[in-house]
Amino acid sequence: MTARLGGPPGTGLTKQRLEPKATKLDTRKTVPLIVASALIMQQIDSTAIATALPTIADALGEPPLALHSTITVYMLSLGVFLPLSGWLADRFGARLVFCSAIALFTFASLLCAAATSLTMLISARALQGFGGALMLPTARLILVRSVPREELVSAMVLMSMPAVVGPAIGPLLGGFITGISSWHWIFWINLPIGIVAIILTLALIEKIPPTERTSFDFPGFILTGAGIGAVIFGFDSFARGMNSSALVLAVVGFSLLGLYIRHARKTPDAILDLKLFRYPTFRSSVTGGSLFRISMGALPFMLPLLMQEIFHYTPLQSGAITFVSTIGAFGMRTMTRRILRRFGFRSVLFWNALIASTSMALLATFTPGTAPTVMVVIILLGGFFRALQFTSLNTLTFAETEDPEMSHATSLSQMAQRIAQSTGVAMSAMLLHYFSGGSETLTNFAFAMSFIMIAIISGSSCFSFLRLSETAGDVLAGRMKDAKETIAAERADAAE
C-alpha cells in the first residue's frame, strides 16, 4: 500500500513507509547504526593516514607535500565512480552493492598496507576510492529508503554519531601506530571492521528490491568521469608547480563537464539527473555545500602537516590535538535536530557557514609559541559548528526529492561532496606551494595564508543559503508540526 499521505508536495511520504511493523526491528535505529559501522572504517582510514603522512613520506623516501596525492587520488576516485553507484544500486539492489563495496574497500586496504612505493600506494588508494564510491551513496540510499521522511533528521544524526568515533580515534590511532609500530597497520585494521560490517548488513538489514533502469548511460559516465578526473588532476598538477599543462588539463576537464550538461538535457535516463537542480533545497545544498566542503578537504590535510613539519610535534602529539575537532562534532550532533527545529534550515545554514569559516580562519593564528590549550579550544569549536553544517546540508538534500529520485539525488550530492573535498586537498597543497615561494620547505606564513584563503572560500557559501525560503526543509526539521500546533492553539484561544 503506497498511497500518498496528506503532506506537502515533494515530501514523498507514503503509508507504506510510515506504518510501523511490530515484528521487525526499529529501522530508525538499527539501519543508521549498521550503516555507520561501515562508514567508521572509512573515516578512521582517512583521518589516520592524514596524521601519518610525514612518517609514510619518510618511509617511502618522498617529500611530505608529495603525499597529498594519496588523499587527492582517493577523493578523485570517489568522484569519478560515484555516478555509477546509483545505477548499480537500482539494478542489483542497494544491500548487495553496499556489501560488495565494503569487501572491495577492505581488499584495497590490504593492498595499501603492502605498498612499497608511492606509485603502488596511490594505485591502491584509487581502488579504495572505487570501493568508497559505491559504499557511501548506497549507505545513504539504504537509510532514506528505510526510514520515514519525518524521522530523517534523527536517523541522519544517529547514523553520524557512531561514525564520529572514526575521526575521533583516527588521528590518535594514526599517531599511536606510527609511534610504536609500522604505518601499515593503519590499513590492516580495516579487515576486521569490514568483515563485521558485512555480517551485520546481511543479518539485520532487509533486502531492498532493485528497480532496474532502462539502460546504462555509458557516454554520460565517460564524460563525467573524464571531466572530473581532468579537473582534479589539473588542480593536483598546480599543487606541484604552476605550469601550462595543468591549466590545459583543468580547462579540458571543465569542457567535458560542459558537454555532459548538454548530453544530460537530451538523454532521458542520464547517469546524473541534473533536473534535480530544479528543487531550491537540492540546488542550495549542492552548490553552497560544495563551497563549504572545500574546507573539509583542506583541514585534515593541512593541520597535521602544520603541527609536524612546523611545530615539530610527534604524530601522537599532533593526533591528540587535532582529534578534539571530532569531540566538538559529537557534541553538536546531539543538538542538531533541536537547533534546526528552533531556527530552520535557512538561518542555521547562513549564520553557521560564517561562524564555521571564521573558526577556520583562526587557525592562521597558530604559531610554534601558541599554547596547546588555545589550539584545542579553537579546533574544538570549529568541529562543533562544522558538524552542524554538514548534518544540515546532508538532510536538506532530500527535502523535496521524490522517492524514485532518491538514488539519483544520493549519487549526485555525494559526487559533489567528494569533488569539493578533493578540490580542497589539491587547493591547499597548491596554496602551500605558492606561499612557500615554490619551495618544498614549508613555512608558518604559508600555512597561515592558506588557512585564510580556504576560510574565505568556505564562507562564500552563505550567499547560496540566502536564496532558500524561510520554510525550506520545515517538514524534515519538524517545524511544520510546530506551526500547526501553534495555529490550533491560537484558534482555541480565539474561540474562548
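Working ranking of peptides 344-354, 435-445 by packing, defined as the average number of other Cβ atoms within 10 Å per residue, highest first, is 344-354, 435-445. With R₀ fixed at 30 Å, the C-beta to C-beta distance from residue 444 to residue 354 puts the FRET efficiency at about 0.70. Residues of segment 34-72 falling in the label zone of residue 204, defined by backbone nitrogen less than 12 Å from a point 7 Å along Cα to beta-carbon, are 34-38.
Which of the peptides 393-401, 286-294, 360-368 is most tightly packed, and how do the rest follow, judged by the mean count of other Cβ atoms within 10 Å per residue?
Going by the mean number of other Cβ atoms within 10 Å, highest first, we get 393-401, 286-294, 360-368.
Among residues other than residue 98 with Cβ under 14 Å from its Cβ, the summed charge is +3 (Lys and Arg +1, Asp and Glu -1).
In a reduced charge model with +1 at each Lys and Arg Cβ and -1 at each Asp and Glu Cβ, segment 281-359 shows a dipole moment near 660 debye about its Cα centre.
Between residue 463 and residue 216, the FRET efficiency estimated from the beta carbon spacing at R0 = 45 angstrom works out to 0.75. Arranged from fewest to most other beta-carbon atoms within 10 Å of their beta carbon, 266, 275, 207 become 266, 207, 275. Each of 358, 116, 410 has some number of other Cβ atoms within 10 Å of its Cβ, and from fewest to most they run 116, 358, 410. Annotation: amide H-H contacts under 5 Å for residue 468 (H modelled 1.01 Å from N, sequence separation of 5 or more, or interchain): none.
We did not get these values from a lab; they are worked out from the coordinates using the rules stated. Keep in mind that what you see is a predicted model, and the values were worked out from it rather than measured. Backbone-built Cβ (ideal geometry, glycine too); neighbour counts: all protein chains shown.
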